[in-house]
Amino acid sequence: MNTADGTPLKIVAFCCRYCSYAAADLAGVLRLRYPAETRIVQIPCTGRLDTLEVLHAFEHGADGVMVAGCLEGDCHFQEGNLNARRRVEHIKQLILQIGLEPERVEMFNLSSAMARQFADAATSMTQRIIDLGPNPLRVADRDQMNQMIEKPAG
Amino acid sequence: MIVAEQKPLEEIKGLINEANKVLVVGCGTCVTVCFAGGDKEAGILATSLRMNTKLEGAPKDVTHLTVQRQCEWEYIDPLRDQIGEVDAVVSLGCGIGVQALAERYPEAIIVPGLNTSFLGLPIEQGVWEERCAACGECILGLTGGICPIARCAKQLLNGPCGGSQNGLCEINPETPCAWQLIYEKLAAQNRLHLLMEIQPARNWSTGRDGGPRKITREDLRLVKKEAE
């Protein structure tokens, strides 16, 4: 899927190995379709989610970031997913200060059996990013590159 | 420990607006423990500045590193080369760290990335409270280990005042009255007789009122070699 201006999308999904990573796996087994632009990164628990890694994802061109943890109350480590939800709220504030839309990062809660819901979450996140447009940092990179091509140094 | 908070990104950006190459220096001691200026926060600030300035069309080259303590020469002396290569340094140390860098590298532009808040402790994860005012004459032995200088809004030596209501201070319904805490602690220890002694007016010159303070320990100073 592309944005309105034809830019291919990159959405990084940080998935807990105990639930949403398994849900994504099950979605594959069940041949459920979800956008191929979703790049899944397995993490041991969403409580392990690192603010800096999310910022690096955006800095290196991700258009959106999904964080998918266990259903509330079902965390393998008791409350990692609850900590992650608060951290995602903090990241929204950070990227707003930076100049990105806070909607580019979102927290989801899924069990390992919720393959359909994982596919739906990936699809809705992708649609949200299509509506928002590509990461402005990538657009800035592209514009800079175009300028260099148009006005070669020397 | 020293407790600090990071300044808003806009304010930090304003302090370095003339610089193209910027170094963010974190500190691995107090401000790491209070999640304000450690290696993680230095990385987040450097990344945020890179992204923000790129979005605004004037990208800055921002890198970061962290030293174990910004408040000791031996830890900041090795930074000479890195500081020499940049236009400005954002210190994520407390006010002491910022001044240590500024003193050691007088030619460099060193700006603070934190507001140094107080001397305190985390009463739970994510919540810090002031505990010490560094007044220079500790009376915790008389007050059950609860400091009325740091924790009483009026710094009373013979409290509580009339603003103590239901164990809370009149300045803020979330602030416990330090003198109520002192009374309860001493009552529980059966040491209320300590409160019968009226504390005389205090000599505040040991604190900030006496101007900048300095401690010299001749027994610890290194012998300076006579010039040959």
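The values are calculated or read from the model by the stated rules, or taken from the named source; none is laboratory data. Given the structure is predicted, the values throughout are model-derived calculations rather than measurements. Cβ placement follows ideal geometry from the backbone for every residue including glycine, while neighbour counts extend to all protein chains displayed.
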Criterion: over 17 Å from the mean Cα position of the chain (by Cα), touching a residue at least 12 places away in the same chain (Cβ under 8 Å) and not in a loop (DSSP other than H, G, I, E, B) - qualifying residue of B:Val111, B:Val89 = B:Val89
Taking region A:44-72 only, how many residues are of a type outside the set (Gly, Ala, Ser) and surrounded by fewer than 21 Cβ atoms within 10 Å (Cβ to Cβ)?
-> 11
Based on what the data block shows, is B:Gly14 within 11 Å of chain A (Cβ to nearest Cβ), among the small types (Gly, Ala, Ser) and over 20 Å from B:Pro106 (Cβ atoms)?
-> no
The residue from A:Glu37, A:Glu59 that alone is of a type in the set (Asp, Glu) and closer than 23 Å to A:Arg116 by Cα is A:Glu37
Among the residues of region A:19-68, which ones are charged (D, E, K, R) and in a loop (DSSP other than H, G, I, E, B)?
-> A:Arg31, A:Arg33, A:Glu37, A:Asp50, A:Asp63
Filtering region A:59-103 down to residues that are under 17 Å from B:Arg50 (Cβ atoms) and in contact with a strand residue (DSSP E or B) (Cβ under 7 Å, 6 or more places away or on another chain), which residue is farthest from the other protein chains (Cβ to nearest Cβ)?
-> A:Ala62
Residue within region A:102-109 that is at pLDDT 95 or above, surrounded by fewer than 22 Cβ atoms within 10 Å (Cβ to Cβ) and assigned to a strand (DSSP E or B) present = yes
Select from region A:110-154 the residues that are in contact with a helix residue (DSSP H, G or I) (Cβ under 8 Å, 6 or more places away or on another chain), over 30 Å from B:Pro59 (Cα atoms) and either within 13 Å of another protein chain (Cβ to nearest Cβ) or of a type in the set (D, E, K, R) (or both) and list them in ascending order.
-> A:Arg116
How many residues does region B:29-41 hold that are buried (at least 18 other Cβ atoms within 10 Å of the Cβ) and more than 11 Å from every other protein chain (Cβ to nearest Cβ)?
-> 8
If we ask which residues in region B:42-58 are more than 8 Å from chain A (Cβ to nearest Cβ) and within 19 Å of A:Leu94 (Cβ to Cβ), their number turns out to be 5
Looking at A:Glu53, is it within 14 Å of chain B (Cβ to nearest Cβ) and touching a residue at least 12 places away in the same chain (Cβ under 8 Å)?
-> yes
Looking only at helices (runs of 4 or more DSSP H) that fall completely inside region B:1-61, which ones have 3 or more residues that are free of Cβ contacts under 8 Å to residues at least 60 places away in the same chain and in contact with a strand residue (DSSP E or B) (Cβ under 9 Å, 6 or more places away or on another chain)?
-> B:39-55
Which ones in region B:61-82 are out of contact with any Cys (no Cβ under 9 Å at 6 or more places or on another chain), surrounded by 20 or more Cβ atoms within 10 Å (Cβ to Cβ) and away from every other protein chain (no Cβ under 13 Å)?
-> B:Ile76
